[in-house]
Amino acid sequence: MMNEVILIVAIVVAGVSGLPGLLTLRDDRSGERLATGLITLAGVLASVAAVSALVAESPDELGRAWHVPGGRFGVHVDALSAMFILQIAVLSVLGAWFGLEYWPQRDHPQNGRKLRVFYGTVTAGMLLLVVARNGVLFLAGWETMALSAFFLLSTEDDKPIVRSSGFFYLLAAHAGTLCLLAMFAVFEVATGTLDLDAWPAALASPLRDAIFVLALCGFGLKAGLMPLHVWLPGAHANAPSHVSALMSGVLIKMGIYGLVRLTAACDAPPLWWGETLIVAGAVSGVLGVAFAIGQHDLKRLLAYHSVENIGIIVMGLGVAVLGRSLGRPELVALGFAGAMLHVWNHGLFKGLLFLSAGSVLHATGTREIDRLGGLLRRMPLTGLAFLVGAVAICGLPPLNGLISELFVYLGLFRTATLNDPTWLAGGLAAPALALIGALAVACFVKVFGVVFLGQPRTPDVSLAHEAGPLMLVPMALLAATCVFIGVGAPLVAPVLDAAVAAWVGTAAAPLPTLGELAPLLPVSAISAVLLVAILLAGAWIVRASRATPPPELGTWDCGYASPSPRMQYTASSFADLIVDLTGWVLRPLSHVPRLDRVFPSDASFHSHVPDIVLDKMLIPAFSIIRRIMTWLHLIQHGKLHIYLLYILGIVIALLFWWRSM
Amino acid sequence: MNYINIAIHLALALALPPLALGVINKTKAAVAGRLGPPLLQPYFDLAKLLRKSTVISQTTSWVFLAGPAIGLVTVLLASLFVPLGGHVAPLSFEGDFVLFAYMLGLGRFFTILAALDTGSAFEGMGAAREATFSALAEPALFFGFLVLARASGAYSLTAMLGPTVLATWTAAGAALGAVVVSWFIILLAENSRIPFDDPNTHLELTMIHEVMVLDHSGPPFGMILYGASIKLFLFCALIIGLIAPLGALDPWLAWVAFVGLVLVVAVGIGLVESMMARLRMTQVPALLIASCLVAAFGAVLLVR
């Protein structure tokens with residue numbers, strides 16, 4: 001009971017953290033400091049509740065009656081909730097500290113206070129939804145989160161691009177909520193209650209499948225599963241960077257939490273659930289990274305990588321669900337632990353990447369990759385942080401991404417060696433995961449190479465400065481956690497075991513632990529050796545560069561006389577080969593100038609990769625629907641008071657209908 | 001015997017790789033009717049480079065030197081996972097093949113970054129090609145692992161390729177044959193051999209690996225060459241593990257046979273290089289995708 005009380009206090013503290021700032025003057029710094037302090041307090045409280053729940057879960061939930069139809073105030077912190085709470089706490093606290101320097105009230109008098117109010121409420125909403133045990137309470141948290149995120153990402157609502165991406169987000173968020181409402185309605189019909197734990201084992205198959213499909217749509221929209229990701233790139237690119245970190249690192253994971261919570265209570269799901277999840281994850285992963293490679297906007301590129309990583313998480317979850325269908329505990333443990341650890345890892349390294357991208361944006365004022373260059377010499381610490389994040393997101397040793405991808409690989413390989421027709425799902429997904437990893441390497445060497453290495457491509461960039469301590473310390477902490485999980489995997493495994501046990505429930509047979517299933521000790525030993533070797537190599541480089549005289553010459557480049565910064569390979573040219581190869585799905589657009597005279601005048605070339613789902617499918621479909629629906633203008637004309645009348649009329653009609661039943 | 005085997009494994013992985021390169025070059029020279037460089041020329045080259053001084057461009061940062069260093073460290077660590085001569089590898093556990101592939105991935109990551117650090121368009125071009133082609137090669141490698149895992153029921157390189165490979169051949173010979181073909185193509189691609197890349201050219205626009213390391217010199221360049229030769233050796237060892245059930249032999253005989261087979265595969269690579277022309281750059285992805293499909297076909301053969 002204690003854990004739940006502490007957590008509710010944390011939710012309240014986080015929810016009100018931005019409010020005192022509203023009472024201060026526009027350029028007063030006390031509001032932002034107080035807000036950051038309160039968020040930190042809430043984060044500490046929530047972490048305390050989560051850790052104590054992981055150590056000793058309270059036996060029963062905190063339940064109170066609630067005067068909302070179908071609602072009940074049921075709150076419980078179990079290991080699954082705790083996994084997500086820790087992540088929310090870490091990223092929202094670090095993001096808030098980063099925001100003190102990145103988005104100070106002094107420089108942003110118009111929107112700084114609004115940002116902090118909704119930063120608090122989004123944190124509170126997420127904390128609420130991961131502990132809610134009742135459908136109505138869950139949706140309350142869900143909507144608080146969704147709406148606050150809308151206001152957060154449209155912080156700079158004076159810019160048209162921000163407004164339009166905010167509008168898309170709002171549409172997608174509500175389409176998702178609509179699916180969830182429908183899902184809970186079916187749930188209520190099937191079970192007679194809205195309590196999330198009340199999933200009866202013997203539920204009729206059509207209803208159960210309907211719930212799964214609706215959940216996959218609703219939660220998939222939030223998680224950004226391809227092709228439901230349309231809102232994600234624009235939203236993440238245009239929000240302030242610490243908000244992008246929170247959204248990409250944590251908020252989209254709430255969709256994963258929903259899927260996890262819903263599948264937790266369902267014993268022996270049909271085979272096609274797991275297969276669907278694995279295939280959807282693989283498609284999302286491969287297409288996510290393929291689209292990412294084509295991007296020129298640093299934050300948009302990172303956003304597409306969220307689509308990719310959600311794909312990896314869903315693949316892991318799919319393996320786990322498949323394991324439950326087949327009664328294979330080793331698949332359950334490996335798949336679910338891989339998914340959960342990747343939820344953490346993606347939060348950490350994507351948070352790190354967005355914060356360092358924010359630091360670059362703060363220093364140079366541009367997100368265009370092709371305008372940057374040579375930043376590692378001007379911002380060495382930001383560059384190092386980005387490099388750590390890049391290595392981690394590619395799943396390379398010795399960092400954390402490897403551990404979770406290894407679990408997913410092992411799960412997929414064990415699926416692929418089953419003597420059952422479903423092996424094909426694993427058999428196709430494992431090479432797909434390899435392709436994802438290799439394309440991610442291609443994408444991140446492109447980003448790091450073009451942004452941080454070589455020479456500055458524009459004069460402004462050469463004036464860039466290193467970020468201050470308030471921005472660097474959160475990045476350093478996130479980077480340190482990436483290293484810690486990579487090297488100390490055996491220490492993290494018990495937490496994952498607890499999460500797997502919580503997901504499967506106590507009724508099931510005891511599960512094999514991760515220590516028995518995966519080579520945790522050898523992997524962490526090798527990671528440690530690799531880390532030491534890299535540090536030794538670093539020491540050697542320092543010594544070698546002291547011993548050699550400072551360079552006086554430019555790049556030799558086979559004797560090229562004087563290469564200029566503009567002649568460097570750009571992000572577009574680096575990605576061109578892959579974009580060409582995948583052109584049949586990416587549909588890149590290029591605007592080639594016509595050279596029609598002997599001495600052509602000035603011309604410019606540019607190319608970009610639009611979002612095919614949005615531009616080629618949704619927008620045409622919507623315009624057709626709009627044309628068909630013009631007759632609705634009879635009743636839809638933009639007069640608010642008439643709309644209120646409609647609502648009143650429908651509520652009264654519903655009441656009559658309910659009475660007559 | 002166990003420690004002796006590990007010692008022999010390490011000694012072979014450290015000492016043999018340049019010799020394989022020497023054999024390839026000698027084979028090519030013999031086919032072309034030339035005398036060719038001495039067999040030990042790669043060792044002489046490494047010794048020479050270690051004594052040279054290093055020239056570094058003004059545009060570069062620490063990443064430029066980290067590339068060769070990490071590139072070498074990662075192949076050395078990766079060499080611990082690969083079973084040589086049918087013996088158990090020094091490090092063997094479930095899922096070590098993932099670590100093997102990703103260790104090489106880390107090396108590639110930093111090698112490409114070092115190329116981009118020079119700020120040269122030429123080296124950027126090579127970097128882009130390396131990134132693209134290795135991304136296409138990765139699924140083929142994993143389709144191969146998949147076939148092996150499914151045929152042998154094991155999840156570690158030693159168990160897939162080591163002592164039990166004979167039983168796997170009798171159970172799923174056709175599928176393994178497909179993997180051999182696929183992995184030989186991957187060997188050529190990952191190690192920048194003809195028909196993907198020409199390790200001898202220096203000023204052709206069709207280069208991949210060679211162009212990335214243009215600006216390196218002295219000991220760092222030596223590290224790159226040495227690391228590349230170990231990588232080639234490791235891929236040879238993978239293929240030998242696939243085709244030759246050396247685990248059935250006497251342990252000492254198996255080591256001798258393994259060294260002999262490495263040289264045979266090197267001669268094979270030399271012959272391929274002598275008899276084929278380099279592909280046009282636009283055709284390289286097609287060949288890589290084909291190798292991936294061959295391995296996938298092998299997986300399909302295992303449908304039961």
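The values are calculated or read from the model by the stated rules, or taken from the named source; none is laboratory data. Since we're looking at a predicted model, the values are computed, not measured. Cβ: placed from backbone, ideal geometry, glycine included. Neighbour counts: every protein chain shown.
At a glance:
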{"item": "Extreme residue, nearest to residue B:65 (Cα to Cα), among residues of region A:546-572 that are among the small types (Gly, Ala, Ser), surrounded by 14 or more Cβ atoms within 10 Å (Cβ to Cβ) and more than 7 Å from chain B (Cβ to nearest Cβ)", "result": "A:571"}
{"item": "Wholly enclosed helices (runs of 4 or more DSSP H) of region A:1-111 bearing at least 1 residues within 25 Å of residue A:501 (Cβ to Cβ) and of a type in the set (Phe, Trp, Tyr)", "result": "A:79-102"}
{"item": "Within region A:25-68, considering residues that are over 30 Å from the mean Cα position of the chain (by Cα) and free of Cβ contacts under 8 Å to residues at least 12 places away in the same chain, the one surrounded by the most Cβ atoms within 10 Å (Cβ to Cβ)", "result": "A:30"}
{"item": "Candidate set from region A:533-545 (those that are more than 7 Å from chain B (Cβ to nearest Cβ) and over 20 Å from residue B:118 (Cα atoms)); member that is farthest from the chain's Cα centre (by Cα)", "result": "A:543"}
{"item": "Where residue A:602 falls short, out of the listed (1) within 14 Å of chain B (Cβ to nearest Cβ); (2) exposed (fewer than 11 other Cβ atoms within 10 Å of the Cβ); (3) over 20 Å from residue A:307 (Cβ atoms)", "result": "(1)"}
{"item": "Any hit, region B:218-230, residues being more than 14 Å from every other protein chain (Cβ to nearest Cβ), in contact with an Asp or Glu (Cβ under 8 Å, 6 or more places away or on another chain) and part of a loop (DSSP other than H, G, I, E, B)", "result": "no"}
{"item": "Per-region count, region A:583-599, residues surrounded by 11 or more Cβ atoms within 10 Å (Cβ to Cβ), without any contact (Cβ under 8 Å) to a residue 40 or more places away in the chain and under 24 Å from residue A:292 (Cβ atoms)", "result": "4"}
{"item": "Complete set of residues in region B:36-51 that are surrounded by 13 or more Cβ atoms within 10 Å (Cβ to Cβ) and either over 22 Å from the mean Cα position of the chain (by Cα) or touching a residue at least 12 places away in the same chain (Cβ under 8 Å) (or both)", "result": "B:36, B:37, B:39, B:41, B:42, B:43, B:45, B:46, B:49, B:50"}
{"item": "Any hit, region A:515-536, residues being over 27 Å from residue B:99 (Cβ atoms) and either out of contact with any helix residue (DSSP H, G or I) (no Cβ under 6 Å at 6 or more places or on another chain) or not in a helix (DSSP H, G or I) (or both)", "result": "no"}
{"item": "Region B:61-72, subset touching a Leu at 6+ places or on another chain (Cβ under 7 Å) and either more than 7 Å from chain A (Cβ to nearest Cβ) or part of a helix (DSSP H, G or I) (or both), residue farthest from residue B:166 (Cα to Cα)", "result": "B:63"}
{"item": "Those residues of region B:274-286 which are buried (at least 17 other Cβ atoms within 10 Å of the Cβ) and out of contact with any Ser or Thr (no Cβ under 8 Å at 6 or more places or on another chain), in sequence order", "result": "B:284"}
{"item": "Subset of region A:465-490 [surrounded by 21 or more Cβ atoms within 10 Å (Cβ to Cβ) and small (Gly, Ala, Ser)]", "result": "A:467, A:479, A:486, A:489"}
{"item": "Some residue of region A:467-490 being polar (S, T, N, Q) and within 12 Å of chain B (Cβ to nearest Cβ)", "result": "no"}
{"item": "Count of region A:443-484 residues which are of a type in the set (Ser, Thr, Tyr) and in a helix (DSSP H, G or I)", "result": "2"}
{"item": "Which numbered condition residue A:112 misses (of (1) closer than 21 Å to residue A:4 by Cα; (2) buried (at least 22 other Cβ atoms within 10 Å of the Cβ))", "result": "(1)"}
{"item": "Tally, over region A:38-60, of residues that are in contact with a helix residue (DSSP H, G or I) (Cβ under 7 Å, 6 or more places away or on another chain) and farther than 19 Å from residue A:90 by Cα", "result": "2"}
{"item": "Candidate set: region B:29-60, residues that are of a type in the set (Gly, Ala, Ser), within 22 Å of residue B:199 (Cβ to Cβ) and not in a helix (DSSP H, G or I); chosen: the one nearest to the other protein chains (Cβ to nearest Cβ)", "result": "B:36"}
{"item": "Only listed residue being at pLDDT below 95 and away from every other protein chain (no Cβ under 14 Å), chosen from B:295, B:277", "result": "B:277"}
{"item": "Selection count, region A:419-454, where residues are surrounded by fewer than 24 Cβ atoms within 10 Å (Cβ to Cβ) and within 9 Å of chain B (Cβ to nearest Cβ)", "result": "7"}
{"item": "Of all residues making up region A:417-443, the number that are touching a residue at least 12 places away in the same chain (Cβ under 8 Å) and over 28 Å from residue A:393 (Cβ atoms)", "result": "3"}
{"item": "Helices (runs of 4 or more DSSP H) lying entirely in region B:87-167 (those with 3 or more residues that are more than 17 Å from the chain's Cα centre (by Cα) and modelled with pLDDT of 90 or more)", "result": "B:96-117, B:121-152"}
{"item": "Residue in region A:293-304 that is surrounded by fewer than 24 Cβ atoms within 10 Å (Cβ to Cβ), more than 25 Å from residue A:361 (Cα to Cα) and out of contact with any Cys (no Cβ under 7 Å at 6 or more places or on another chain) present", "result": "no"}
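One line per residue, one yes/no per condition, for (1) at the interface with chain A (Cβ under 9 Å from one of its Cβ atoms); (2) surrounded by 23 or more Cβ atoms within 10 Å (Cβ to Cβ):
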| residue | (1), (2) |
| --- | --- |
| B:78 | no, yes |
| B:82 | no, yes |
| B:90 | no, no |
| B:94 | yes, no |
| B:102 | yes, yes |
| B:106 | yes, yes |
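One line per residue, one yes/no per condition, for (1) on the phi > 0 side of the Ramachandran plot; (2) crowded, with 23+ Cβ neighbours inside 10 Å; (3) within 7 Å of chain A (Cβ to nearest Cβ):
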position	(1), (2), (3)
B:115	no, yes, no
B:132	no, yes, yes
B:137	no, yes, no
B:150	no, yes, yes
B:164	no, no, no
B:173	no, no, no
